[in-house]
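Worksheet: the structure to be examined is printed underneath.
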Amino acid sequence: FYAHVGKTGFGHEHGVEARLKSGHLQLGADRNAGEIVIDMTSFKADSDEARKYVGLEGSTDAGTRQGVDTNMLGPDVLNVAKYPTAVFKVSSIQQVKPKRPNAKTQYKLDGDFTLHGKTNKLSVLADVAKVEGFLRVYGHFSILQSDFGITPYRKVLGAVGVADRLTIWGELWVVE
């Protein structure tokens, strides 16, 4: 998983990567369609790969990355000691009717997303492609940190900080 974290004031944007802890999906299910568990302790900011994936240029030095990770994972933001996972309990996964011929196969995933101990409804439109005997399910969605009880990071009386809105990309490989 990758996330784009915007900036406020004189802050700078971040590309963040995270790892899947566990998950399963049942494409076409109209109830109990799966669960995706993200390992929040695996979050790492500003690797070259993460920055590139979310569309950011340049590199970030190791010291800055470490400082961002400490703030992001700590008690004032994600508090991973208390909330080590985020969970998307997928209630249904239904194929979306194509809008044009030869369009990508898409599914809509509906369910409840729990982050930082707070649960909200979430819908994700995902592209699905067959690749070497697997189904590659990939898409993105946006959330507001504040909707999950997270106060976006700020310092210097708010002159430096991150935006409330996060855009998150995910990619899963599902056995057919």
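The values are calculated or read from the model by the stated rules, or taken from the named source; none is laboratory data. Note that the structure is predicted; figures quoted are calculated from it, not measured. No Cβ is skipped: glycine too gets one built from the backbone with ideal geometry, and neighbour counts run over all protein chains shown. Heavy atoms of the whole protein, side chains included, go into the accessibility calculation; ligands, DNA and RNA do not. Shrake-Rupley method; radii C 1.70, N 1.55, O 1.52, S 1.80 Å.
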Kindly indicate which of 115, 27 is closer than 16 Å to residue 168 by Cα and among the aliphatic types (A, V, I, L, M).
115
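For every residue, the table says whether it meets (1) modelled with pLDDT under 95; (2) open to solvent by 20 Å² or more (accessible area, probe 1.4 Å).
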position	(1), (2)
24	yes, yes
30	yes, yes
39	no, yes
53	yes, yes
59	yes, yes
74	yes, no
77	yes, no
82	no, yes
Can we say residue 127 is open to solvent by less than 80 Å² (accessible area, probe 1.4 Å), within 16 Å of the chain's Cα centre (by Cα) and modelled with pLDDT under 95?
yes
Checking residue 64 against (1) assigned to a strand (DSSP E or B); (2) among the hydroxyl-bearing types (Ser, Thr, Tyr); (3) open to solvent by less than 50 Å² (accessible area, probe 1.4 Å), which single condition isn't satisfied?
(1)
Please go through the range 149-162 and give me each residue that is outside any strand (DSSP E or B), exposed (fewer than 15 other Cβ atoms within 10 Å of the Cβ) and at pLDDT below 90, ordered by number.
151, 156, 157, 158, 159
When restricted to 89, 108, 99, the only residue open to solvent by 40 Å² or more (accessible area, probe 1.4 Å), assigned to a strand (DSSP E or B), more than 20 Å from residue 19 (Cα to Cα) and basic (Lys, Arg) is 108
Just to check your reading of the model, which residue among 165, 136 is modelled with pLDDT of 90 or more, more than 24 Å from residue 34 (Cβ to Cβ) and in a strand (DSSP E or B)?
165
When restricted to 91, 146, the only residue at pLDDT 95 or above and over 26 Å from residue 49 (Cβ atoms) is 91
Given the options 114, 119, 167, name the one that is free of Cβ contacts under 8 Å to residues at least 12 places away in the same chain and under 18 Å from the mean Cα position of the chain (by Cα).
119
Long-range neighbours under 6 Å by Cβ, at least six apart or interchain, first residue closer than 16 Å to residue 105 by Cβ within the range 132-154, second aliphatic (A, V, I, L, M) and surrounded by fewer than 13 Cβ atoms within 10 Å (Cβ to Cβ):
136/129; 139/125
